[in-house]
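First the structure, in the form of structure tokens, and then the observations on it.
Coordinate-derived values only; no laboratory data. Predicted, not measured: the structure shown is a model, and the values here were computed from it. Methodologically, a virtual Cβ is constructed for each residue, glycine included, from the backbone with ideal geometry; neighbour enumeration extends over all protein chains shown.
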Amino acid sequence: MSLADQLLQYLITGVSVGMVYGLVGLGITIIFNATGIINFAQGEFVMLGGMIAVALTAARLPLAAAVILAVAAVTMVALVTERLAIRPLRGASVIPLIIATIGVSLILQGGAKLVWGPEAVRLPAFSGEQPIRIGGGGIDPQRLWVMGLAALSVAAVQLFFKYTLAGKAMRACAINRAAARLVGISIDRMVRLSFAMSAALAALGGVVLTPVALMQCSQGTHYTLTGFLAAVLGGLGSGLGAVLGGILLGIVESLSAGFISSGYSKAIALAVALVVLWWRPEGLVRRRQA
Amino acid sequence: MSLLRLSSITADYGGLQALRGISLHANEGEITALLGANGAGKSTILNVICGVVPPRSGQVIFDEENITGLAPERLVQKGLTQVPEGRQVFGELSVRDNLLLGAYSRLHRGDRSQVHQDLEEICRLFPVLREASSRRAGTLSGGEQQMLAIGRALMSAPRLLLLDEPSSGLAPMAMAEVFRKIEALRELGTTILLVEQNVSAALQIADRGYVLEVGQMVLEGSCDELLSNRDVRRAYLGKDYEEV
């Protein structure tokens, strides 16, 4: 394989993993905009999506049904999380709420380990394992699924915020929560909606990535941290910024795993993120002022 | 007939007792002015009515129903909407979206056609909002933003409109325009509770008024009575002893 072929491979791997980081970052941004808190359980939704889909296919459900049910189940988990861990703390300041999300992540991770054990599991690929040949190398078709579904979800989220009443109400909440309450927008409903949406995004990312990246119960933390970093790189508040940040992190990680060492890839991605933030502390996408 | 009645409300704000036994009422179809200096507790009264600040004791009665402590979004559904101080429009959203969000709970219930009729009516009342329909609300002037804030509140089809310092930060021309619109709203049948620091402007359009000093009502009466009251003239209208 020539260097150019290798580079293409690494880029596709990086962009596809990066788009899943982007989905996590987008979810973190949505919850941050609605509530002002950082949900440190976000990566667990990725993990749960993958693990539940694997369990459902193991129970002989068709793959498509398993994918849809896994996303729905994780959305339910997020709604229960919101009800049991977030709503009782209504009126508390941001720090206790963030600590509550860390508690939730530990519970979800521990619970998943009790149910499924610590081993890595794998989901069958959506449309076969036969690589699509390009030049001297090949692309795993699952990578196209990852990129395609992630891009579709991001587009759907953008349309939701731009054109629907609920989407506009969520933006109003992000701009001015007190005024949003006074015009009659139920903040509780917006918070529920933000948890449901971001969990569905993360779960979809987890399900679609599991055929190529494997999944294990302890991996949620990595997705949380990388997704959080993606959201910060994007300027914390901009959904598209978070997606861009995620793709950047995925590419850096993949290139350094390919050309340097997989042992250092995550550290290198973190270092690059720090350099970017040093250069642009406001993030890649400048937020428009209200 | 009074649409809103507060009886013996006490409330704390920032650890201090901000309201000490406040009673007032707003008659249907009238403008009731709530006057007083900065820090007298006027905004706290509005926040108690709107369910943002829970009172320590006392009752808020709206249309013969006890609404004390209900959440703001429930009160909007019941027909009681506040235009917050400083306008608080959603700057990054378009003027039209700001107005539609004012009707959020009605649209959520599926009241679509009536809402669009009201949108038309509000644009007739505030032509500037129709012209600026697709502009971002943050790009409007202060006076236009105040019109938008009032229009947004009207989109909830309120029976009682609470206006918190509508004149604050406005140039005299813009302020006069806003006050003319408030009078026009009364003609359309909306009951208004108007909180103002600009006492003379408020008394010119209001029917009745209350004067609040450090958390207590010190005066109440028709606007004519208040305008001719020695203390009001001296303390709020800038008249000298001789003129009084």
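Calculated mean residue ellipticity at 222 nm for the protein assembly as shown: -18500 deg cm²/dmol, from DSSP H runs with n ≥ 4 weighted as -39500 (n - 2.57), summed, divided by the residue count and rounded to 500. Counts of other chain beta carbons within 10 angstrom of each beta carbon in peptide B:77-84 average 2. In percent, rounded to a whole number, the relative contact order of the stretch A:132-290 is 16, using alpha-carbon pairs under 8 Å and six or more apart. For the stretch A:3-279, the relative contact order is 40 percent, taking Cα pairs closer than 8 Å that sit 6 or more residues apart in sequence and dividing their mean separation by the residue count. Summary value for the stretch A:217-290: 30 percent relative contact order, contacts being C-alpha pairs under 8 angstrom separated by 6+ residues.
To the nearest 0.05, how large is the calculated FRET efficiency for A:Ala72 and B:Arg109 if R₀ is 30 Å and r is the Cβ-Cβ distance? The pair A:Ala72/B:Arg109 has a calculated efficiency of 0.65. In units of the compact-protein estimate 2.2 N^0.38 Å, chain B shows a Cα radius of gyration of 1.00. Amide H contacts of B:Tyr13 (H built 1.01 Å from N, in plane; Pro and chain starts excluded): B:Ala18 sit under 5 Å, all sequence-distant by 5 or more or on other chains. Shape summary of the stretch A:143-290, radius of gyration then Dmax from alpha carbon positions: 17.1, 55 Å. Here the Karplus curve 6.51 cos²θ - 1.76 cosθ + 1.60, taken at θ = phi - 60°, turns the phi angles of the stretch A:32-44 into couplings of 4, 5, 7, 10, x, 10, 9, 8, 7, 9, 4, x, 5 Hz, with x standing for Gly and Pro. So for chain B: antiparallel DSSP bridges make up what percent, rounded to the nearest 5? That works out to approximately 55 percent antiparallel. The HN-Hα couplings worked out from phi for the stretch B:67-79 by the Karplus form 6.51 cos²θ - 1.76 cosθ + 1.60 (θ = phi - 60°) are 10, 4, x, 5, 5, x, 5, 5, 5, 4, 5, 7, x Hz, whole numbers, x standing for Gly and Pro.
Between the stretch B:175-215 and the stretch A:179-243, what is the C-alpha centre distance in whole Å? If we compute the Cα centre of each part, the gap is 46 Å. Here B:Lys181 is the anchor, and the lysines within straight C-alpha reach of less than 24 Å, apart from those fewer than 8 places off in the same chain, are B:Lys42, B:Lys78.
Divide the volume of the convex hull around the Cα atoms of the stretch B:123-207 by the residue count and you get 93 Å³ per residue. On a C-alpha basis, how far is the centre of the stretch A:12-56 from the centre of the stretch B:7-39 in Å? Whole number, if you could? Cα centroid of the stretch A:12-56 versus Cα centroid of the stretch B:7-39: 48 Å apart. The Cβ shell under 9 Å around A:Arg87 holds other residues with a net charge of +1, Lys and Arg each +1, Asp and Glu each -1. The mean number of Cβ atoms from other chains found within 10 Å of a Cβ in peptide A:165-176 is 5, as a whole number.
Note on chain A: Kirkwood hydrodynamic radius from all Cα pairs is 19.2 Å, rounded to one decimal. The orientation-averaged projection of the convex hull spanning the C-alpha atoms of the stretch B:142-188 amounts to 3.0 square nanometres.
For the stretch A:29-188, pairs of C-alpha atoms spaced more than 25 angstrom apart make up 47 percent of the total.
Computed over the protein assembly as shown, the alpha-carbon pair-distance distribution with 20 angstrom bins reads 20, 42, 26, 10, 1, each value a whole percent.
Computed from phi, the 3J(HN,Hα) profile of the stretch B:121-128 under the Karplus parametrisation 6.51, -1.76, 1.60 (θ = phi - 60°) reads 4, 5, 5, 5, 5, 10, x, 4 Hz, with x in place of Gly and Pro. Bridges between two residues of the protein assembly as shown, per DSSP, are antiparallel at a rate of about 60%.
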